[in-house]
Amino acid sequence: MSERPIIAVRFALYAIEGLQLGVPLFGLYALRASERSQHPFRTWLILLGLGAVALNILGFAQLIASMSGTSLNAIDLGLARSILLTAPMGWAFALRLAVTVLALALVVLVSANNTNALAGIAALSSIALASLAWNGHGVATEGALAWPHLIADIVHLLAAGVWLGAIACLFYMVARPKASLTDLTVAERCLRSFGVVGSVVVALLIVTGLINGFAILGGQSLAPGTGSTYIVLMVSKLALVGVPAVVGLLIFF
């Protein structure tokens, strides 16, 4: 099976699970209870939940097809059962699918503007997002760095989800065609609030990114042109997230 569809689905899954965490959290820390009704949280979270369920199932099917060297139409059910019962990535998939369905049920059954509902959805979504660490290099390290690498990978994922959800909500607030002066005033206040949260999030992304990079690359030079493409991409990402951190601090102070 081609790697490109697998990469595309995995990227989409990381993004959608991140939004499932970041969007309800933004509603909790940035918006007042009376302001949440001005945002279609319920619609967003239902669409995100349905998308996450579909992508999780498709991603697992792609994994089985890739491992068995078959197409999606001829998945080895015995292998799928074995992975679900015996492999950490199988357990992570089952847990992720379960909490994603629970979060979706919570959105459908309870008002998504309710503080407790948003907190519950965010908690369930954080478990789903954290479980994606078992799909990547976070579980590939052995020895003394095994647990630090896995924990750093989980924190990295959670921080990225908080960041992604906030950016999506802020963009909606300022870019929607019928945004009023009141909406823009609320958006400005939310941006200032996110100046604090965003600075902490970016700091976590940088620290955990460095830990992950060290666990994967060891003592290799980080200078572009002296190592792998991974090194160049990591250095570029660190530079990109550093700029918003500085901007966030300037806004806050």
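In this simple spin-label approximation, Ala74 and Tyr172 carry label points 7 Å from Cα along the Cα→Cβ vector, and these lie 4.4 nm apart. Each residue was assigned an accessible area with a 1.4 Å probe, and for Phe11 the value is about 150 Å². Note that the range 84-97 has calculated 3J(HN,Hα) couplings of 4, 8, 10, 9, x, 5, x, 5, 4, 4, 4, 5, 4, 5 Hz, one per residue in order, obtained from phi through the Karplus relation 6.51 cos²θ - 1.76 cosθ + 1.60 (θ = phi - 60°); glycine and proline are x.
Here r is the Cβ-Cβ distance between Ala61 and Ser34 and R0 is 45 Å; the resulting FRET efficiency, rounded to 0.05, is 0.55.
Per-residue extension of 0.36 nm, minus the Cα-Cα distance of Met89 and Arg189, leaves a gain of 31.9 nm for this segment. Potential lengthening of the chain between Thr115 and Leu47 amounts to 22.5 nm, from the contour at 0.36 nm per residue minus the alpha-carbon distance. Note on the range 41-159: percent of Cα-Cα distances in each 10 Å bin, starting at 0 and stopping at the bin with the largest distance, equals 13, 37, 32, 16, 2. Ranking Asp76, Asp183 from most to least accessible surface, computed with a 1.4 Å probe over the protein chains only, gives Asp76, Asp183. Extension gain for Ser180 to Arg4 (0.36 nm times residue separation, less C-alpha to C-alpha distance): 59.1 nm. Around Asn113, what is the net charge, scoring Lys/Arg as +1 and Asp/Glu as -1 over all other residues with Cβ under 13 Å from its Cβ? Taking every Cβ under 13 Å from that of Asn113, the sum is +2. Across the range 1-148, the relative contact order, built from alpha-carbon pairs under 8 Å that are at least six residues apart, equals 32 percent.
The values are calculated or read from the model by the stated rules, or taken from the named source; none is laboratory data. It should be emphasised that the depicted structure is a prediction, and the values quoted were computed from it without experimental measurement. Methodologically, a virtual Cβ is constructed for each residue, glycine included, from the backbone with ideal geometry; neighbour enumeration extends over all protein chains shown. SASA here: full protein model, heavy atoms, side chains in, ligands and nucleic acids out. Shrake-Rupley method; radii C 1.70, N 1.55, O 1.52, S 1.80 Å.
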